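Participant: Let me give you the structure first, and then I'll get to my questions.
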Amino acid sequence: MTEPRKRSGCLGCSFPVLIIIVVVFLGIVVIGFLAGGIGQKMFPGVSLPSWLIVPRPEPHLPAPQLFHLFGLPITNSMLAGWLTLVFLVVIGWAVTRRMKLIPGRLQAAFEFLLGWIYDLCKSIAGEENGRRFFPVVCTIFLFVLFNAWLSLIPGFGSIETIKYEGIPPEAQISVVPAEGNQPEHKVVMVDDKEHEIVLINGEEVMEIKEELIRGANTDVNTPLAIAFFSFVFVAFFGLKTLGMGWLKQYFNFGPFFRSIGRTFKGKFNLMDIFSGGIGIFVGGLEFLSMFIRVISFTFRLFGNMTAGEILLLIAAFLVPWVMALPFYGLELLIGFIQALIFSLLTLVFVTMAVTSHSEEAH
Amino acid sequence: MEELPLKLGINLPVLITQVVTFVILLVILRFVAYKPIMRMLDERSKRVKDSMEQAEAVRQQSARAEEEVRKQLEAASREGQERIARAVRAGEEVKQKAEEEARKEADALVKRARTAIQQERDDAISEVRREFADLTVLAAGKVIERSLDKEQHRDIIEKVLEESITHKKD
């Protein structure tokens with residue numbers, strides 16, 4: 001037996017390569033720091049080429065409308081949603097085009113993901129219901145997850161479209177003095193957004209820069225749409241399974257009026273009337289909570305995703321290139337968690353809706 | 001309240017579009033992904049179940065076969081033992097019989113030999129007698145030829161006997 005030759009070096013690289021990598025990495029850190037917001041303020045004397053300077057981010061909540069298609073306003077978040085749709089459909093088609101009993105890598109990964117969600121559905125909703133709910137739950141999961149993950153791809157939020165529009169007469173024009181590499185320029189505020197004023201053909205117009213694609217989850221309409229769908233889904237299966245019994249959970253007037261009726265027949269029972277009133281009140285609360293769910297669904301996802309996007313923007317602005325990396329990892333995790341929460345809560349609500357309350361009580 | 005939805009950007013056409021997008025995604029994925037994958041998962045779990053059942057059946061069968069073989073081996077071994085014992089017994093018998101026969105034969109031989117010896121002795125004796133008689137007759141003739149006394153008589157007999165011995169010796 002001969003001893004295996006010891007490999008010199010560290011982390012799978014030989015020492016010279018490792019040293020080069022470390023030097024390059026440190027260089028990126030230093031240049032990134034100098035180019036970022038913190039570095040620029042700390043060392044104003046250092047001047048770097050303008051393409052290195054990261055502009056100050058201007059996050060805004062409403063998704064801008066890029067153009068109109070058949071009278072329908074197309075926002076950048078809608079484009080992102082369609083991109084996710086196309087991505088998922090293509091993946092699904094590619095995987096299931098040639099299904100094999102002994103799966104390849106892609107098929108195995110896809111089957112693992114779907115099988116995992118299917119097992120969750122079965123474990124929460126039971127065998128039969130789990131199978132019925134699986135498509136919707138899984139679609140919610142995939143749509144939310146890939147909306148979040150695809151928005152981490154470079155190009156989301158950084159590719160911009162530029163439009164030129166006339167300045168509205170009532171808009172306020174202000175002059176920004178020259179600073180650093182930036183010459184003096186005029187800006188105009190429209191709808192809380194700052195637009196630069198440029199000269200085209202001797203006419204002053206405002207330059208409207210808009211992101212071409214933006215994570216669909218960061219537009220409140222997308223989470224609201226999914227939440228709304230989830231609400232309809234729950235109500236549909238509640239009505240389908242329990243029929244009027246489902247509505248009775250929310251409009252529980254029966255016991256109250258029955259006890260009132262008994263009062264007229266001479267059997268006065270205060271407790272009955274009281275508990276009937278409580279029933280109505282509880283039903284009302286349940287009814288209210290159903291709509292509150294929609295709101296909480298919407299804002300949980302919207303808030304998390306928007307905050308994540310702003311966090312990435314700020315991190316990339318303060319210390320570009322390096323500092324944002326850990327946050328990207330965090331965003332991957334958060335996207336996954338939000339997708340899981342959204343889909344599993346829907347699953348739990350629909351399971352509750354198809355489970356008769358009176359059945360539970362007995 | 002008027003300001004809030006505007007600032008968030010809630011927009012009915014966009015909302016409806018996103019709902020429609022989601023529904024389209026649901027419908028397409030249902031056909032493209034969920035149905036085939038569920039079918040595949042079901043088929044695979046069915047196959048696994050089947051093959052496990054099959055394996056169980058095979059296992060049982062092989063256990064049964066093993067038991068069978070063991071029994072057969074046992075029976076064969078028992079039979080072999082029996083046969084060996086029987087053969088040994090037969091051998092013993094053959095040996096005994098052979099011994100007995102040998103003994104009988106030997107006895108017969110001895111007996112026959114004895115008889116022959118007896119016969120021969122008898123023959124010899126009778127011959128001796130005959131010769132003796134002859135000699136006696138001869139001697140008597142000689143005696144008659146000569147008048148002899150008792151002593152001579154005896155001498156003559158002895159002489160004759162001696163002669164006969166020497167005669168016999170020749």
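Participant: Add +1 for every Lys or Arg and -1 for every Asp or Glu among the other residues with Cβ under 13 Å from the Cβ of A:Ile102, and state the total.
Facilitator: Numbers: positive: A:Arg98, A:Lys100, A:Arg105, B:Arg44, B:Arg47; negative: A:Glu111, B:Glu43.
Within the 13 Å Cβ shell, the charges total +3.
Participant: Tilt of helix A:221-242 relative to the longest C-alpha principal axis of chain A, in degrees (0 to 90, nearest 10)?
Facilitator: Roughly 20 degrees between the two axes.
Participant: Oh, and also: Once you average over the residues of A:216-227, how many Cβ atoms of partner chains fall within 10 Å of each Cβ? Display every interim value, and only then the final one.
Facilitator: Working: counts 2, 0, 0, 7, 8, 12, 7, 1, 7, 10, 4, 0.
Taking the mean over all residues of the peptide, I get 5.
Participant: Helix check for chain B. Which DSSP H runs span at least 18 Å along their own axis by Cα, with a mean Kyte-Doolittle hydropathy no less than 1.6? Display every interim value, and only then the final one.
Facilitator: Working: long enough: B:12-29 (25 Å, 2.77); B:35-145 (158 Å, -0.98); B:150-169 (28 Å, -1.37).
Qualifying helices, which must be both long enough and hydrophobic enough, are B:12-29.
Participant: Longest segment of chain A with no GluC sites (Glu not before Pro) in a DSSP loop having at most 14 other Cβ atoms within 10 Å? Could you put the intermediate results ahead of the total?
Facilitator: Values: sites that count: A:Glu170, A:Glu184.
Value returned for the longest uninterrupted segment is A:185-362.
Participant: Indicate the gyration tensor shape class of the stretch A:248-362 (rounded, prolate or oblate), computed on the Cα atoms with a ≥ b ≥ c the square roots of the eigenvalues: a/c under 1.5 is rounded; otherwise a/b larger than b/c is prolate and the rest oblate.
Facilitator: Values: a/c = 6.54, a/b = 3.59, b/c = 1.82.
Judged from the Cα gyration tensor, the stretch A:248-362 comes out prolate (a/c at least 1.5, a/b above b/c).
Participant: Let me ask something else. Where Lys and Arg each count +1 and Asp and Glu each count -1, what net charge lies around A:Gly279 among other residues with Cβ under 13 Å from its Cβ? Write out the running numbers ahead of the final one.
Facilitator: Values: positive: A:Lys248, A:Arg258; negative: A:Asp272, A:Glu286.
Around A:Gly279, the surrounding residues sum to 0.
Participant: Solvent-accessible area per residue for the stretch A:160-211 at a 1.4 Å probe radius, Å²? If you can, show how the numbers build up before the last one.
Facilitator: On the way: 3710 Å² over 52 residues.
Averaged over the residues of the stretch A:160-211, the accessible area is 71 Å².
Participant: Comparing the chain by itself with all protein chains present, which residues of the stretch A:113-135 are at least 20 Å² less accessible (probe 1.4 Å)?
Facilitator: Relative to the lone chain, where solvent access is computed with a 1.4 Å probe, the stretch A:113-135 loses at least 20 Å² at A:Leu114, A:Tyr118, A:Arg131, A:Phe134, A:Pro135.
Participant: Using a ≥ b ≥ c from the Cα gyration tensor of the stretch A:160-211 (square roots of the eigenvalues), is it rounded, prolate or oblate, where a/c under 1.5 gives rounded and otherwise the larger of a/b and b/c decides, a/b for prolate? Spell out each step's value before the answer.
Facilitator: Values: a/c = 1.33, a/b = 1.26, b/c = 1.06.
The shape class here is rounded.
Participant: How much of the accessible area of the protein assembly as shown, probe 1.4 Å, is carbon plus sulfur, in whole percent?
Facilitator: Details: 22460 of 35140 Å².
It is 64 percent, rounded to a whole number.
Participant: Among the residues of the stretch B:12-29, which ones have their accessible area go down by 30 Å² or more when all the protein chains sit together, as opposed to their chain alone (1.4 Å probe)?
Facilitator: For the stretch B:12-29, once contacts with the other chains are taken into account, B:Pro13, B:Val14, B:Leu15, B:Thr17, B:Gln18, B:Val19, B:Thr21, B:Phe22, B:Leu25, B:Leu26, B:Ile28, B:Leu29 lose 30 Å² or more.
Participant: Explain nothing, just the number: relative contact order of the stretch A:160-211, from Cα pairs under 8 Å at least 6 residues apart, as a whole percent.
Facilitator: 42
Participant: Could I ask something else about it? Looking only at A:Cys138, A:Cys121, A:Cys13, which one moves most when chain A is put into a Gaussian network model with springs between Cα atoms under 10 Å?
Facilitator: Highest fluctuation of the listed residues: A:Cys13.
Participant: For the stretch B:23-126, take the alpha-carbon Rg, divide it by the Kirkwood Rh, and send me Rg/Rh.
Facilitator: Details: Rg = 43.6 Å, Rh = 22.8 Å.
Rg divided by Rh gives 1.91.
Participant: On C-alpha positions alone, give me the angle between the axis of helix A:15-35 and the longest principal axis of chain A, in degrees, nearest 10.
Facilitator: That works out to roughly 80 degrees.
Participant: Would you work out if the stretch A:88-154 is rounded, prolate or oblate? Take a ≥ b ≥ c from the square roots of the eigenvalues of the alpha-carbon gyration tensor; rounded if a/c is under 1.5, else prolate when a/b is larger than b/c, oblate otherwise. Kindly include the intermediate steps, with their values, before the conclusion.
Facilitator: Working: a/c = 2.26, a/b = 1.19, b/c = 1.90.
Cα axes put the stretch A:88-154 in the oblate bin.
Participant: Out of residues 5 or more away from A:His60 or on other chains, whose amide H comes under 5 Å of its own, with H placed 1.01 Å from N in the peptide plane?
Facilitator: Long-range HN contacts for A:His60: none found.
Participant: Mind telling me which of A:Ala35, A:Ala316, A:Ala108 comes out most flexible in a GNM of chain A, alpha-carbon contacts under 10 Å?
Facilitator: A:Ala108
Participant: Springs between alpha-carbon pairs under 10 angstrom, Gaussian network model over chain B: which of B:Leu12, B:Leu29, B:Leu41 fluctuates most?
Facilitator: Looking only at B:Leu12, B:Leu29, B:Leu41, the largest GNM fluctuation is found for B:Leu12.
Participant: Could you tally the net charge around B:Ser126, taking each other residue with its Cβ under 14 Å from the Cβ of B:Ser126, Lys/Arg +1 and Asp/Glu -1? Please list the in-between numbers first.
Facilitator: Values: positive: B:Arg121, B:Arg129, B:Arg130; negative: B:Glu120, B:Asp122, B:Asp123, B:Glu127, B:Glu131, B:Asp134.
Here the count lands on -3.
The values are calculated or read from the model by the stated rules, or taken from the named source; none is laboratory data. Everything numeric here is computed off the predicted structure, so don't read it as measured data. A quick note on method: Cβ atoms are made from the backbone with ideal geometry, for glycine too, and the neighbour counts reach across all protein chains shown. The accessibility values were calculated without ligands, DNA or RNA, using every heavy atom of the protein model including side chains. Shrake-Rupley method; radii C 1.70, N 1.55, O 1.52, S 1.80 Å.
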